[in-house]
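The values are calculated or read from the model by the stated rules, or taken from the named source; none is laboratory data. The structure presented is a predicted model; accordingly, all values stated were derived computationally and were not measured. All Cβ positions, even for glycine, are placed from backbone atoms using ideal geometry, and neighbour counts span all protein chains on display.
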């Protein structure tokens, strides 16, 4: 890892022409985005380890604005071995430094330079989408300052921590202008561990969802705001718990074995989750109460991968119109790729098959036109990237001395 954040400054006008076709070339304000040079702890973790992680396609409105800010920055090393980290479990004695699970698979063979994203070693790109219901910006989880923070990038390319510096936070889901996250903040003599909270996209009005300690998987709330679902450990098993009225109400009936990483569909009628109820880990679709479950994945070639590798099938998200899912998937002797699957037909597609890198935690833009994800393809850390929904035209968004992981799109109603 690097030992300091690359400070960035100075720009007057910037645009990547022709990427989306509809992108507008607009004058950009000069910006200076200085960051503290905080040393980061050493980490021996390798790409995409750690279960616990995680949605949406369809079109909410036409893209009216795409702002791509190019900010001069220091150079970076290409195609180096990198780290993937995830939040610590509730059993860790020191959640601020512990990073569970490691694995070090070889990269996928055969990708050419033409398959890689645009080489822009002197620039950082910023993206904001202006849709009919407001401006949407990217947020992600970063340990660039040592602990895990939730970072939001504004339209001018500046980046802001929107969670407290006194604890670790990890955002797993977003709906409109609300984020659903895990936090190590605790009151009094409460035991250490992750607890669920919701907060606005500006970081204000954080509200604890339950006092119970949760596992390190997805947390999500119904589109109407309640109930919420999270992952807990009960008698050594991962279970999906329903959170409501400030506490854990009950456990969903999701069959034998483990059930993890729940997410509601956009209409709130269905549920995605991972389970090993039939042996290997697969992605399952069920009614919102966990009933009528059926497996969406069934490829036997990754059945032997360990739980620390998500059993090959990482957390999944719905597309904005609810017709598809997107997730990170792994096969033996390969790194993770970004896959989509059409629910009605079962047709699956690998969007990053031509990449030699490790890609993870994808999220569709609210209009279904773009996919944000993290990748180690252009640096020695996992960084945030964005590509078209068909997997083409990959663009890098962040440069950080730490890991930037699991991006989400969140609405910022008051953005100027």
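Here are a few things to note about the model shown:
Yes/no per residue for (1) over 24 Å from the mean Cα position of the chain (by Cα); (2) under 19 Å from residue 172 (Cα atoms); (3) not in a strand (DSSP E or B):
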residue: 257; (1), (2), (3): yes, no, yes
residue: 272; (1), (2), (3): no, yes, no
residue: 292; (1), (2), (3): yes, no, yes
residue: 301; (1), (2), (3): yes, no, yes
residue: 315; (1), (2), (3): no, yes, no
residue: 334; (1), (2), (3): no, no, yes
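- Just one of the numbered conditions (1) in contact with a strand residue (DSSP E or B) (Cβ under 6 Å, 6 or more places away or on another chain); (2) modelled with pLDDT of 95 or more; (3) in a loop (DSSP other than H, G, I, E, B) is not true of residue 407: (3).
- Exclusive hit being closer than 19 Å to residue 362 by Cα and more than 16 Å from the chain's Cα centre (by Cα), set 296, 305: 296
- Only listed residue being surrounded by fewer than 13 Cβ atoms within 10 Å (Cβ to Cβ) and touching a strand residue (DSSP E or B) at 6+ places or on another chain (Cβ under 8 Å), chosen from 259, 298, 286: 298
- Of the strands (runs of 3 or more DSSP E) lying entirely inside region 337-402, those carrying at least 2 residues that are under 18 Å from the mean Cα position of the chain (by Cα) and at pLDDT 95 or above are 337-342, 359-364, 370-375, 383-388.
Rundown of residues vs (1) under 19 Å from residue 140 (Cα atoms); (2) in a strand (DSSP E or B); (3) touching a helix residue (DSSP H, G or I) at 6+ places or on another chain (Cβ under 9 Å), yes/no style:
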| position | (1), (2), (3) |
| --- | --- |
| 165 | yes, no, no |
| 173 | yes, yes, no |
| 179 | yes, yes, no |
| 182 | yes, yes, no |
| 188 | no, no, no |
| 191 | no, no, no |
| 195 | yes, yes, no |
| 199 | yes, yes, no |
| 210 | no, no, no |
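- In region 113-128 there is at least one residue matching the filter, namely being surrounded by 15 or more Cβ atoms within 10 Å (Cβ to Cβ), at pLDDT 50 or above, touching a strand residue (DSSP E or B) at 6+ places or on another chain (Cβ under 6 Å) and outside any loop (DSSP other than H, G, I, E, B).
- Search result, residues across region 227-246 that are outside any strand (DSSP E or B) and at pLDDT 95 or above: 227
- Of all residues in region 133-146, those satisfying the criterion of being surrounded by fewer than 22 Cβ atoms within 10 Å (Cβ to Cβ) and either in a loop (DSSP other than H, G, I, E, B) or under 13 Å from the mean Cα position of the chain (by Cα) (or both) are 133, 145, 146.
- For residue 159, the criteria (1) within 22 Å of residue 382 (Cα to Cα); (2) within 16 Å of the chain's Cα centre (by Cα) hold in every case but one, which is (2).
- The single condition among (1) surrounded by fewer than 22 Cβ atoms within 10 Å (Cβ to Cβ); (2) part of a loop (DSSP other than H, G, I, E, B) that residue 249 does not satisfy is (2).
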